[in-house]
Amino acid sequence: MLVLKFGGTSVGSAERFEGVLKLLSSLQNSNQQAVIVLSAMSGMTNALIAGANLAVNRDLKGALQTLATIRDTHEQCVENLFVKSQQSMNLLKDIDASLQELEILFKGISYLGELTKRSLDAVSGMGELLSSKILAAYAESRGLKVQWVDARDFMITDENFGKANPLWAKLIPKAKEKLSPILNSGKLVITQGFIGATEYGASTTLGRGGSDFSASVIGVALDASEIQIWTDVDGMMTADPRVVKDAFVISEVSFQEASELAYFGAKVLHPLTIAPAVDKNIPVRILNTLRPEAKGTIIKASVNASGLICAIASKKGISAFFISSPRMLMAHGFLTRVFEVFDKHQTSIDLISTSEVSVSVTTDRTDTLEKISADLAEHGEVRVLSNVAIITVVGRQFREKSGIAGQVFDALRNINIIMISGGASDINLSFVVSEEQADLAIRQLHDAFFDTKN
């Protein structure tokens with residue numbers, strides 16, 4: 001049994017829906033059981049959130065104009081896909097009913113002047129419901145055996161609105177109860193990513209990019225043989241192709257490597273996707289909807305690879321804190337106090353580097369910088385550098401190989417390195433540079449470690 005997740009660009013237009021349908025036809029012709037997990041049409045989640053923000057600021061007219069644009073996008077897609085029929089008319093009525101519900105939500109938000117996380121979840125998850133209904137109806141019109149299922153009927157989560165967590169003990173039996181009979185009947189299941197519901201039926205979302213996570217959760221719940229993430233690139237690459245023109249697709253990476261790359265800037269995959277798949281040892285394959293013949297990248301527990309370096313990733317928009325104090329010397333508990341400051345302001349740390357009397361950390365949050373700086377000043381001298389970038393070299397068994405760090409820094413001899421963090425992971429060497437030098441650093445590292453001239 002397969003789980004296939006299609007991202008927003010894969011269903012961004014009528015033409016893209018047709019491409020997805022070809023893949024579904026191939027699955028059904030081969031009698032392959034599959035659950036299809038859809039994102040919202042490209043740009044729709046942002047539009048929904050923008051509409052909600054207009055509503056809470058008492059610009060109801062602007063919110064309803066946003067709603068009209070959302071309506072036009074989906075109705076135009078239906079008109080391009082379907083010959084006018086009773087089925088297409090029923091689909092348009094279904095879309096209209098969903099958008100009327102959204103209009104009521106916008107009006108309620110505007111009248112109250114309040115946008116809670118729970119209300120925002122109800123709004124922002126609407127795009128997946130609309131796109132999946134279009135695909136299901138279109139597939140049926142073309143003779144495929146499919147069944148649309150509301151993910152909120154089985155994706156049971158806690159009440160952490162905005163970034164809900166699966167309640168596995170309740171979710172797994174519910175998913176099997178809802179989905180297994182449909183799959184066993186020979187139908188493809190079409191459902192939504194990103195959304196779920198509490199035990200009491202309140203809509204939740206799994207956080208931005210959560211459709212990847214949804215696919216992984218469903219794969220674990222149903223013991224899938226493989227989870228496929230269909231997107232608009234050929235797979236995970238040795239570097240961002242927008243930065244390095246000679247970057248190429250990596251045929252296979254380990255779970256650990258993929259997690260590091262996803263966290264430190266590789267946008268192909270949502271970082272949380274990997275965790276459930278790792279637990280069940282389910283391979284994750286990244287494929288391109290626009291080039292379905294491409295082999296893509298497979299992510300699995302262990303790989304057979306000869307190269308020392310797997311890929312290079314970057315994460316911009318970072319701020320670095322440098323805290324120094326003589327009180328650190330021969331003292332215990334100093335790091336605890338530093339970390340407590342970040343915990344107080346619910347700000348995660350990416351990298352850390354320490355010496356006898358100083359500690360350096362990075363974070364990607366900008367809204368808490370001033371408060372954190374003020375609290376850290378109680379423990380020592382604080383300096384903050386913003387607009388820096390983390391460069392991460394992800395490789396294999398760094399501790400067992402000599403000379404890798406030397407090669408890395410030799411390739412960067414003309415780059416000012418602000419901070420270095422290494423050794424915590426056997427596959428990761430990270431450092432901080434200015435944003436202005438980040439792209440140059442990536443290109444020089446790629447030239448040093450990957451022979452792309454032959």
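Throughout, read-outs are computed from the coordinates displayed, never taken from laboratory work. Given the structure is predicted, the values throughout are model-derived calculations rather than measurements. Positions of Cβ are generated from backbone atoms using ideal geometry, with glycine treated the same way; all protein chains shown enter the neighbour counts.
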Student exercise, the chain dipole from Lys, Arg, Asp, Glu Cβ charges, in Debye to nearest 20
620
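For segment 164-267, which GluC sites (Glu not before Pro) are both in a DSSP coil and crowded by at most 16 other Cβ atoms within 10 Å?
Working: sites: Glu177, Glu199, Glu226, Glu252, Glu257, Glu260; in loops: Glu199.
Filter output for segment 164-267: Glu199.
List every DSSP H helix in the chain whose Cα atoms extend 20 Å or more along the helix's own long axis and whose mean Kyte-Doolittle hydropathy is at least 1.0. Please list the in-between numbers first.
Values: long enough: 14-29 (22 Å, -0.03); 60-81 (32 Å, -0.23); 86-112 (39 Å, 0.11); 126-141 (23 Å, 0.51); 168-184 (23 Å, -0.21); 435-449 (22 Å, -0.56).
Span-like helices in the chain: none at all.
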As a footprinting exposure proxy, order Met155, Met419 by other Cβ within 10 Å, with the fewest listed first.
Met419, Met155
Within segment 125-167, which GluC sites (Glu not before Pro) sit in a loop by DSSP and count at most 16 neighbouring Cβ atoms inside 10 Å?
Glu159
Once semi-axes √(5λ) of the Cα gyration tensor in Å is worked out from the coordinates, which option in [x] 37, 26, 21; [y] 36, 32, 22; [z] 41, 28, 20 does it equal?
[z]
At a threshold of 8 angstrom on Cα-Cα distance, excluding pairs fewer than six apart, so keeping six or more, what relative contact order does segment 1-88 reach in percent?
30
Segment 11-116 - Rg and Dmax from Cα coordinates, angstrom:
16.8, 53
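Starting from 0.36 nm per residue, how many nanometres of slack lie between Asn57 and Lys163 once their C-alpha separation is accounted for? Before the final figure, lay out the partial values.
On the way: separation 106, 0.36 × 106 = 38.16 nm, distance 2.34 nm.
Between Asn57 and Lys163, full extension yields an extra 35.8 nm.
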Explain nothing, just the number: relative contact order of segment 2-232, from Cα pairs under 8 Å at least 6 residues apart, as a whole percent.
29
Can you give me the Cα centroid spacing of segment 169-216 and segment 232-262 in angstrom?
28
Return one quarter of the surface area of the convex hull spanned by the alpha-carbon atoms of segment 126-186, equal to its mean projected area, in nm².
4.8
Give me the distance between the Cα centres of segment 67-110 and segment 111-136, rounded to whole Å.
13
Below 8 Å between Cα atoms, with a sequence gap of 6+, how large is the relative contact order for the chain in percent?
13
Could you tell me which residue out of Ser203, Ala55, Asn29 lies farthest along the dipole of segment 2-232 toward its positive end? Charges go on the beta carbon: Lys and Arg +1, Asp and Glu -1, centred on the Cα centre.
Asn29
State the answer as a single residue: which of Thr238, His270, Gln256 lies farthest towards the positive end of the charge dipole of segment 226-282, with beta carbon charges of +1 for Lys and Arg and -1 for Asp and Glu, about the Cα centre.
His270
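Can you pull out the GluC sites (Glu not before Pro) in segment 336-407 whose DSSP state is coil and whose Cβ has at most 13 other Cβ atoms within 10 Å?
Working: sites: Glu340, Glu356, Glu370, Glu378, Glu381, Glu400; in loops: Glu356, Glu378.
Passing sites in segment 336-407 are Glu356, Glu378.
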Placing unit charges on C-beta atoms (Lys and Arg positive, Asp and Glu negative, everything else neutral), compute the dipole magnitude of segment 2-232 about its Cα centre in debye, rounded to 20.
140
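Give, in nm to one decimal, the length gained when the segment between Ala275 and Leu290 is fully stretched (0.36 nm per residue of separation minus the Cα-Cα distance). Write down the numbers at each step before the final one.
Numbers: separation 15, 0.36 × 15 = 5.40 nm, distance 2.72 nm.
Length gained, Ala275 through Leu290: 2.7 nm.
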Just how large is the dipole of segment 309-449 about the Cα centre, in debye to the nearest 20, putting +1 at every Lys and Arg Cβ and -1 at every Asp and Glu Cβ?
240
Taking neighbour counts of Cβ atoms within 10 Å as a proxy for exposure, in what order, fewest first, do Tyr138, Tyr111, Tyr200, Tyr263 appear?
Tyr200, Tyr111, Tyr263, Tyr138
Which pairs in the list Lys5/Lys174; Lys5/Lys93; Lys84/Lys174; Lys133/Lys170; Lys22/Lys133; Lys5/Lys176 are over 29 Å apart, alpha-carbon to alpha-carbon?
Lys84/Lys174
How much of the pair distance distribution for segment 2-232 lies past 28 Å, counting alpha-carbon pairs only, in percent?
28
